[in-house]
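Asker: This is the structure I want to talk about, given as structure tokens.
The values are calculated or read from the model by the stated rules, or taken from the named source; none is laboratory data. Given the structure is predicted, the values throughout are model-derived calculations rather than measurements. In this analysis, Cβ positions are derived from the backbone assuming ideal geometry, glycine residues included, and neighbour counts consider all displayed protein chains. When the accessible area is computed, the model is the full protein with side chains, heavy atoms only, and any ligands, DNA or RNA have been set aside. Shrake-Rupley method; radii C 1.70, N 1.55, O 1.52, S 1.80 Å.
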Amino acid sequence: MQHELASTGNRERLSGHRSEERAERSRPVESRLSTARGRAFSGDRWRLVVLDLTVAVAISVAAASSFPATLLRALALVAAFAAVGLYRRRLRFSVLDDLPRLLLGVVLVLPTELLVRAEPRLAVPALLGFAALIGRLVGYGVLHARRRRRPGVPTLVIGTGDVAVRLTEVLAADRTFGLAPMGLVGPPSITEPTLPAPLLGPIEELETLAAELAPGAVVVTFAGTPDANLVGLIRHWRSLGVAVFVVPRLFELALGEGQAELVQGIPLVRMRPEPPRRWRRAAKRALDVAGAAFGIAMLAPVLVACALAVKWESGRAGVIFKQERIGRGGKPFTILKFRSLTPATETESQVKWNIGTDHRVGPVGRFIRATSLDELPQLFNVLRGDMSLVGPRPERPYFVDQFQRTYAGYADRHRVQVGITGWAQINGLRGDTSIEERTRFDNYYIENWSLGMDIKIIVRTFGSMLGMCGR
């Protein structure tokens, strides 16, 4: 009964708070979350960039360096500090924690002295490193003081156990972390009748509460519900710019260095932003355009040979087979393939799952399908921007509708651009294989994407194709 009264009291206070902010909540969720995202730690990184530029310029002026030398040294320092992770988003700033990175960054600037002067003096980089250290000491103090004066990013805490309660207490008491707990979501606490923040509701109401309150950050502790129930919702929050922190299971054991930030001994793992930062998307697009153009140029004889062979086998049917597929964000596009079979009707091409055993497929069709040469015209889809070189394979609208209703997480595959090849395909999941497994592999690729991973997949795809051609 005492728990019910506490929960009721919290709900009444929350109700009054909601009434006062009804107008604010009437704005679209995406708009409000975008505003919250703007407050979520992004400004601190740029303040540190300005600080380091100022330090580099001051040292260059003291060393009587020319303007080109000053500019080069300043840009080199910022680039080196970015490379070692000194501009990463953080809950707390610590010079002692950053000291190894700072020293490594200064070492990376040393080659710049060869360009700045014919006879480099080590005194300048040493002075630059010392000034950067002092600048960080002062800068971190200013950033912490600035956070204390501000309310912090509105934060929803998922869970009501001991860990959730302790985190909420610490974050509410110490504003330098930059997170301001709005309340907790989960069952009423059994051992503690009073909570450090309002109990907003049960875990079953989480999606509704998050839509109403539009937090700028979410801390996921032990929610008392299977993790699978939270995955889709967390992906949705991240796509809207919400910062998501997770308390790892068995956190009492040692974690990998640099994987978590500590809040009074409780580690919080910050999930990678989604969608990826703009420079990552730009780099992936550059790789797509360069790779597709190079592929078309280098494979031109193969493309011509395939076209002639298909024309010979298909007769009047035409060389290129066009079909509607679903791409990024659920948008349809027309995919291009070398024709391996002429369907009896348009409906057949949309709803027939696999033609691998169809007796109508001729020897040319079987060969280009077995070697994936029928996919080569999709290089033009990549140039047009319909597809990427690497990504989840696109599917037909009929099957997308079925799979979204059957397999959890299938719709999440459409968060990124679809691809010619993918993580699932190089792991043997092509053709008539498990959709559930493909979905899991595709979402793993999206969550762990990097340019290096794309290059690895492309290389393994070519290796697989060459292997099949040699059989």
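Asker: Just to be sure I understand the model, the point goes 7 Å from the Cα along the line to the Cβ. What's the resulting A126 to N448 distance in nm?
Answerer: 4.5 nm
Asker: Related question: Just the accessible area per residue of region 128-200, please: how many Å² with a 1.4 Å probe? Can you show the working numbers first?
Answerer: Values: 3010 Å² over 73 residues.
Value returned for region 128-200: 41 Å² of accessible area per residue.
Asker: Could you derive backbone 3J(HN,Hα) for region 137-148 from the dihedral phi with the Karplus parameters 6.51, -1.76 and 1.60 (θ = phi - 60°), listing whole Hz in sequence and x where the residue is Gly or Pro?
Answerer: Ordered by residue, 3J(HN,Hα) equals 4, 5, x, 5, x, 5, 5, 5, 5, 5, 5, 5 Hz.
Asker: As an exercise, use a Förster radius of 22 Å and the Cβ-Cβ distance of L108 and L133 to find the FRET efficiency, rounded to the nearest 0.05.
Answerer: So the FRET efficiency works out to roughly 0.90.
Asker: Run the quick spin-label model on L250 and L262: label points 7 Å from Cα toward the beta carbon, then report their separation in nm to one decimal.
Answerer: So the label points at L250 and L262 sit 2.1 nm apart.
Asker: Given a 1.4 Å probe, how much area per residue of region 366-471 is accessible, in Å²?
Answerer: Details: 4870 Å² over 106 residues.
With all protein chains present, region 366-471 gives 46 Å² per residue.
Asker: Could you list which residues have their amide H under 5 Å from that of L156, counting only those 5 or more apart in sequence or on another chain, with H placed in the peptide plane?
Answerer: Placed amide hydrogens put M182, A217, V218, V219 under 5 Å from L156.
Asker: So, one more: With N set to the residue count of region 374-426, report its C-alpha Rg divided by 2.2 N^0.38 Å to two decimal places. Working shown, then result.
Answerer: Working: Rg = 11.7 Å, N = 53, 2.2 N^0.38 = 9.9 Å.
That ratio works out to 1.17.
Asker: Net charge near A408: determine it from the other residues with C-beta under 11 Å of the C-beta of A408, scoring Lys and Arg +1 and Asp and Glu -1. Present the calculation step by step, with values, prior to reporting the outcome.
Answerer: Working: positive: R405, R440; negative: D412, E436.
Net charge in that neighbourhood comes out at 0.
Asker: Kindly write out, for region 197-204 in residue order, the coupling ³J(HN,Hα) from the Karplus curve 6.51 cos²θ - 1.76 cosθ + 1.60 (θ = phi - 60°), rounded to whole Hz, with x marking Gly and Pro.
Answerer: Running phi through 6.51 cos²θ - 1.76 cosθ + 1.60 with θ = phi - 60° gives 8, x, 7, 6, x, x, 4, 5 Hz.
Asker: Kirkwood hydrodynamic radius, region 115-184, all distinct C-alpha pairs: what's the number in Å?
Answerer: On the way: mean 1/r = 0.0660 Å⁻¹.
One over the average 1/r among Cα pairs gives 15.1 Å for region 115-184.
Asker: Of all accessible surface on region 199-333 at a 1.4 Å probe, what whole percent is carbon and sulfur? Can you show the working numbers first?
Answerer: On the way: 4520 of 7330 Å².
Whole-percent figure for carbon plus sulfur exposure: 62.
Asker: How far apart, in nm, are the 7 Å Cα→Cβ label points at A305 and I320?
Answerer: 2.2 nm
Asker: Here is a further query. Can you spot the lysines whose alpha carbon is less than 21 Å from K311's alpha carbon? Ignore those fewer than 8 places along the same chain.
Answerer: K311 reaches K322, K337.
Asker: Same structure, new question: For region 207-307, what is the accessible area per residue in Å² when the probe is 1.4 Å? Display every interim value, and only then the final one.
Answerer: Values: 5300 Å² over 101 residues.
Per-residue value: 52 Å².
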